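Here's the structure we're looking at; comments come further down.
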Amino acid sequence: MSTTPVTVTVTGAAGQIGYALLFRIASGQLLGPDTPVKLRLLEIPQAVKAAEGTAMELDDCAFPLLAGVDIFDDATAAFDGVNVGLLVGARPRGAGMERGDLLAANGGIFGPQGAAINAGAADDVRVLVVGNPANTNALIASKHAPDVPAERFTAMMRLDHNRALAQLAAKSGVGVGDVKNVTIWGNHSAKQYPDIAHATIGGRPAPSVIADDAWVTDTFIPTVAKRGAAIIDARGASSAASAANAAVDHVRDWVLGTPEGEWTSVGLVSDGSYGVPEGVISGFPCVSKDGAWEIVQGLEMSEAAQAGLAVSVAGLVEERDAVAELSLI
Ligand code: NAD
Ligand code: LMR
């Protein structure tokens with residue numbers, strides 16, 4: 001077992017995703033069974049007491065890998081020495097709130113958190129932004145951390161990716177483990193573009209296994225893209241355990257590597273690949289090698305996929321321009 005614990009900071013620790021996430025991190029599912037973890041929980045002052053309750057429960061699990069839990073209401077202290085930052089806490093859209101209000105409220109959270117990461121994070125820091133609008137919040141945080149390479153700030157597309165795997169497995173009557181290389185392009189929003197063109201099911205091309213283009217266009221894509229809203233409708237609250245699970249999948253693959261020949265979907269800063277404007281944080285097909293994400297290059301995109309990505313990217317550019325207008329980046 002490695003002896004130096006990895007420091008993992010989780011924001012919004014007392015929220016519903018936090019409650020589903022922390023126990024999985026502490027049990028070793030994030031970084032593997034040989035890596036001790038130190039948890040640092042960041043909350044707003046009103047929620048610190050609830051975070052303390054969660055910390056008591058973490059103690060009561062007697063996780064052998066858990067090397068300590070500290071609770072903060074100050075971002076600079078919470079991110080001091082952080083190796084893995086999970087930025088979950090965000091301002092939800094309230095009644096009567098315009099999109100600009102939401103972006104401004106989140107700018108007030110993710111700007112200072114990015115600055116705190118810039119000031120105190122470990123050199124190998126990796127950040128996953130879960131709080132919505134995740135791609136733009138990641139952009140805001142990254143822009144406030146000029147000393148941290150931009151590709152260390154990622155946004156979560158993995159929940160959409162896992163949703164796509166599940167829909168394809170159910171449609172074709174196989175286990176989810178038989179479905180590989182789906183891509184979720186663009187924004188984590190209803191305008192994302194879930195793409196099965198290069199996916200395989202049981203080792204065969206997904207489009208020929210599914211053999212139903214109308215189902216892909218009229219059922220699969222909208223089901224995956226609108227799944228977040230469907231969960232809210234059914235549960236009366238947004239996805240929590242599945243979001244936490246996706247965060248664990250994302251960081252585990254980032255740190256430990258993606259399986260040979262397989263990619264996943266990651267919200268990563270664009271280098272101009274696939275025509276996505278440089279600097280925007282977009283969903284791409286990615287592999288992780290030696291602890292770093294790389295965009296899978298050279299995939300042929302159908303006209304429909306290009307159009308779907310263009311619509312999604314237009315939304316990202318609009319969000320970027322809105323936060324620039326508000327001087328948040
Ligand atoms: P929640 O309301 O249950 O919890 C959010 C927590 O964040 C609260 O405890 C709140 O006190 C805390 N918080 C607010 N501002 C903070 C700040 N400045 N610093 C630290 N903590 C702060 O919400 P949830 O269900 O846990 O969801 C969290 C976020 O994740 C939401 O924005 C949600 O939309 C988003 N989400 C994203 C995905 C995705 O796939 N990217 C999936 C599901 C949910
Ligand atoms: C999700 O995808 O479940 C979340 O981002 C919640 C939402 O608002 O869609």
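Taken together, the values in this text are just the output of simple stated rules run on the coordinates, not laboratory data. All values derive from a computational prediction rather than experimental measurement. Glycine gets a Cβ as well: all are built from the backbone with ideal geometry, and neighbour counts include every protein chain shown.
Only one residue of GLY275, GLY308, VAL296 has its Cα farthest out toward the positive end of the dipole of the stretch 254-329, where Lys and Arg carry +1 and Asp and Glu -1 on Cβ, and that residue is VAL296.
For the stretch 1-106, a crude dipole built from +1 on the beta carbon of Lys and Arg and -1 on the beta carbon of Asp and Glu, taken about the Cα centre, is about 320 debye to the nearest 20.
Length gained on full extension, SER238 to LEU326, computed as 0.36 nm times the residue gap minus the Cα-Cα distance: 28.9 nm. Between ALA13 and LEU42, the built amide H atoms are under 5 Å apart, and every one of these is 5 or more places off in sequence or on another chain. The protection proxy used here, the mean number of other Cβ atoms lying within 10 Å of each residue, ranks peptides 101-114, 59-72 as follows, highest first: 101-114, 59-72. At what distance in angstrom do the alpha carbon centres of the stretch 172-237 and the stretch 245-263 lie from each other? Here the answer is 19 Å between Cα centres. Relative to its residue count, the chain spans a Cα convex hull of 136 Å³ per residue. For THR7, the residues 5 or more places off, or on other chains, whose built amide H falls under 5 Å of its own are LYS38, ASN83, VAL84. Using Cα springs under 10 Å in a Gaussian network model of the chain, which residue among ARG158, ARG204, ARG235 shows the largest mean-square fluctuation? Evaluated over the chain, the most mobile residue of the options is ARG235.
When the Cα positions of ILE117, GLY131, VAL174 are compared along the charge dipole of the stretch 68-211, VAL174 comes out farthest toward the positive end, with charges on each C-beta of Lys, Arg, Asp and Glu. For the chain, leaving out every one of the GluC sites (Glu not before Pro) that falls in a DSSP loop and has at most 16 other Cβ atoms within 10 Å, the longest unbroken run is 99-259. Pairs over the 27 Å Cα-Cα cut-off, from the set LYS49/LYS143; LYS49/LYS226; LYS180/LYS289: LYS49/LYS143; LYS49/LYS226.
Converting the Cα gyration tensor eigenvalues of the stretch 6-155 into ellipsoid dimensions via √(5λ) gives semi-axes, longest first, of 24, 18, 12 Å.
If you take the square roots of the eigenvalues of the alpha-carbon gyration tensor of the stretch 158-319 and sort them as a ≥ b ≥ c, do you get rounded (a/c under 1.5), prolate (a/b over b/c) or oblate? Cα axes put the stretch 158-319 in the rounded bin. Scoring 26-39, 279-292, 123-136 by mean Cβ neighbours within 10 Å over their residues and listing the highest first yields 123-136, 279-292, 26-39. For the chain, the Cβ-based charge dipole about the Cα centre amounts to some 560 debye (Lys, Arg positive; Asp, Glu negative; other atoms uncharged).
Near THR258, the amide H atoms lying under 5 Å from its own belong to SER288; only residues 5 or more places off or on other chains count, and H is placed 1.01 Å from N. Computed from phi, the 3J(HN,Hα) profile of the stretch 9-17 under the Karplus parametrisation 6.51, -1.76, 1.60 (θ = phi - 60°) reads 9, 10, 9, x, 5, 8, x, 6, 5 Hz, with x in place of Gly and Pro.
Can you give me the C-alpha center-to-center distance between the stretch 87-106 and the stretch 1-49, rounded to a whole angstrom? Using only Cα atoms, the two centres lie 24 Å from each other.
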